[in-house]
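Novice: Take a look at the following structure, please.
The values are calculated or read from the model by the stated rules, or taken from the named source; none is laboratory data. These numbers come from a predicted model, not from an experiment. Positions of Cβ are generated from backbone atoms using ideal geometry, with glycine treated the same way; all protein chains shown enter the neighbour counts. Areas reflect the complete protein model, heavy atoms only, side chains present, ligands, DNA and RNA absent. Shrake-Rupley method; radii C 1.70, N 1.55, O 1.52, S 1.80 Å.
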Amino acid sequence: MKKKKYKNKIISISIIITIISSLIIYKNYNDKLPFKYAVSIIPTPIYNTQQIHRTFDIKNNTLNSYDNKKLIRELETIALPQTLFKIEQIIKHNNQEILKIQTEEYPYKSKEGYFIDSRYVKKYKHKPKTKKFKTKTKEEIIAHLNNIKEENKKGKIQYIWGGNIYKGIPENILYYNQLITTKYITQQNLSKKDFNQYILKGLDCSGLLYEATNGYTPRNTSKLKSFGEALDIENKSIDEIIKQLKPLDLIVTPTHVIIILNDKETIESVYDKNGVNIEKIKDRLERLTEEYTATNNPENKTKKDWFVIRRWIK
C-alpha cells in the first residue's frame, strides 16, 4: 500500500513538473516572438487550419478544398479592417508567413486554433491603439440591407460559409496568384460560383447581419439566440407574432438567423437558396413553423427544433 501511494506521489509530481516546464517553454517562446500583435489593414480571412494555401488549390477547374456541399469549411469568418489580433505563433511556409492568433472579435473555441495570412495585416512588437468599429444607426443598418437586396437583384449574392464581405476580397487573387495572366486578372476556367468562392465573395446567415452592423452583432448563431431581448412568441399564432415584429428583429434557430427587413419582408442568406433570399414575412414564418416551434427561452429545450425572436436595437 505504501509503495502504491509513493508511486502515485511520484507520478503526480512528474505531471506538475511537466506542466510547469511546458509553461516556461511557452513563455520563453512567446518572449522571443519578434511581433506579438497584428491589426488587419484589409478584410482578413480567419481559418481553422494553418494550411491556408491549400484552400486555394485548383484541381480539375475547381477548388480542391470543397466539401461534399461545395463549401470551404476551413474558413471561419472574415475580420473587418482595424481588428486587433494577438499573435501566438509565427509559422513559415515557403514564401508565406502564417500567424496563429486570438482575437476578441471572434471568441469561439477551436481545437487547432485560428490562423491568418500575415499579408492582410500590419504587425507590431507592442500592443497598438486601434480604432473602435463605428456603430451604425438603425437607419444605416436597414439602408445597408436594402443595398444588399438591390445588389442581389442584379446578380445573386452567393452563400459563402464564413463569408461576411458581400463584395469579396480581390486581394486573394494577388496573394495566391493562380488566376493571374500577363495582361489582366481572369476567371480562367473556373465557374462564376467557384470564382466567387476564390475571392470569398458572399455571405453566410450571421455574416449578412455582421456586415450590415459593421461587426456590432455576434458572428455566430450560438450567441445570437440570447442577443438582445426575447419577444413573447410562445404559443402564439403566426398573425399574433407578426403584429409584434419590427425591422431588424432576429428570428434565430439553433443554426440559422433570419432578419426582419421591413413590415412585409425578411432577408437572409441561406445555403438551400444558394445565397441571399427575400421573402414575405408570413410566408417565411409558415415555412419555418413546419419544422420549428416558437419559444421564449431556448435554454429550456432539449431538442433543437425551436426558434426565438430577439430584439436588439431600439
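Novice: Rolling a 1.4 Å sphere over the protein heavy atoms, what is the accessible area per residue of the stretch 185-259, to the nearest Å²?
Specialist: The answer is 40 Å² per residue.
Novice: For the chain, which longest stretch is free of loop sites, where a loop site is one of the GluC sites (Glu not before Pro) that DSSP puts outside H, G, I, E and B and that has at most 15 other Cβ atoms within 10 Å?
Specialist: Answer from the scan: 113-233.
Novice: Calculate, in nm to one decimal, what His126 and Ala143 gain on full extension: separation in residues at 0.36 nm each, minus their alpha carbon distance.
Specialist: 2.3 nm
Novice: Moving to a separate point now. Would you mind getting me the FRET efficiency between Gln89 and His53? Use the beta-carbon distance for r and R0 = 25 Å, nearest 0.05.
Specialist: After rounding to 0.05, the efficiency reads 0.90.
Novice: Run the numbers for Lys273 and Ser110: contour at 0.36 nm per residue of separation, minus the present Cα-Cα distance, in nm.
Specialist: Full-extension gain reported as 55.8 nm.
Novice: Of Leu84, Tyr166, Thr255, which is farthest towards the positive pole of the chain's charge dipole, taken about the Cα centre with +1 and -1 on the beta-carbons of Lys, Arg and Asp, Glu respectively?
Specialist: Of the listed residues, the answer is Leu84.
Novice: Under 19 Å between alpha carbons, and skipping anything fewer than 8 positions from Lys86 in its own chain: which aspartates and glutamates qualify?
Specialist: Within the straight-line limit of under 19 Å, Lys86 reaches these aspartates and glutamates: Asp31, Glu76, Glu97, Glu104, Glu105, Glu112, Asp117.
Novice: Would you please name the trypsin sites (Lys or Arg not before Pro) within the stretch 54-83 that are DSSP coil residues with at most 11 other C-beta atoms within 10 Å of their C-beta?
Specialist: The qualifying sites are Lys69.
Novice: Also: With no solvent and one equal point scatterer placed on each C-alpha of the stretch 220-281, evaluate the Debye formula and give log10 I(q)/I(0) for q = 0.23, 0.24 Å⁻¹, two decimals.
Specialist: Treating every Cα as an identical point scatterer, log10 I(q)/I(0) equals -1.08, -1.15.
Novice: Of Lys100/Lys225; Lys282/Lys304; Lys36/Lys69; Lys153/Lys303, which sit over 27 Å apart, Cα to Cα?
Specialist: The pairs that break the limit, which is 27 Å between Cα atoms, are Lys100/Lys225; Lys36/Lys69; Lys153/Lys303.
Novice: Any idea how far apart Asn68 and Leu174 come out in nm if each label point goes 7 Å out from Cα toward Cβ?
Specialist: Rounded to a tenth, the inter-label distance reads 4.0 nm.
Novice: Quick one: if you stick a label point 7 Å off each Cα along the C-beta vector at Asn262 and Ser191, how many nm between them?
Specialist: Taking the two extended label points, one gets 3.3 nm.
Novice: With unit charges on the beta carbons (Lys and Arg positive, Asp and Glu negative) and the dipole taken about the Cα centre of the chain, which residue among Tyr175, Gln102, Phe227 sits farthest to the positive side?
Specialist: Gln102
Novice: With a ≥ b ≥ c taken as the square roots of the eigenvalues of the C-alpha gyration tensor of the chain, please select rounded if a/c is under 1.5 and otherwise prolate if a/b is larger than b/c or oblate if it is not?
Specialist: Note, shape of the chain comes out oblate.
Novice: Given the rule -39500 (n - 2.57) for each run of at least 4 DSSP H residues, summed and divided by the residues of the chain, what is its mean residue ellipticity at 222 nm, to the nearest 500 deg cm²/dmol?
Specialist: -8500 deg cm²/dmol
Novice: Continuing with the same structure: Which translational diffusion coefficient, to the nearest whole µm²/s, is obtained for the stretch 96-254 from the Stokes-Einstein equation, given a Kirkwood hydrodynamic radius over C-alpha pairs, 4 °C and 1.567 mPa s?
Specialist: The diffusion coefficient I find is 69 µm²/s.
Novice: Hey, another quick one. Computing the accessible area with a 1.4 Å probe over protein heavy atoms, can you report the carbon and sulfur percentage for the stretch 252-314?
Specialist: 42 percent
Novice: Output the 0 to 90 degree angle, nearest 10, between the alpha-carbon long axis of helix 138-154 and the longest principal axis computed from the alpha carbons of the chain.
Specialist: 80 degrees
Novice: Could you calculate the contour length gain from Asn235 to Ile42, that is, 0.36 nm times the residue separation minus the distance between their Cα atoms, to one decimal place in nm?
Specialist: Length difference between fully extended and current span is 64.9 nm.
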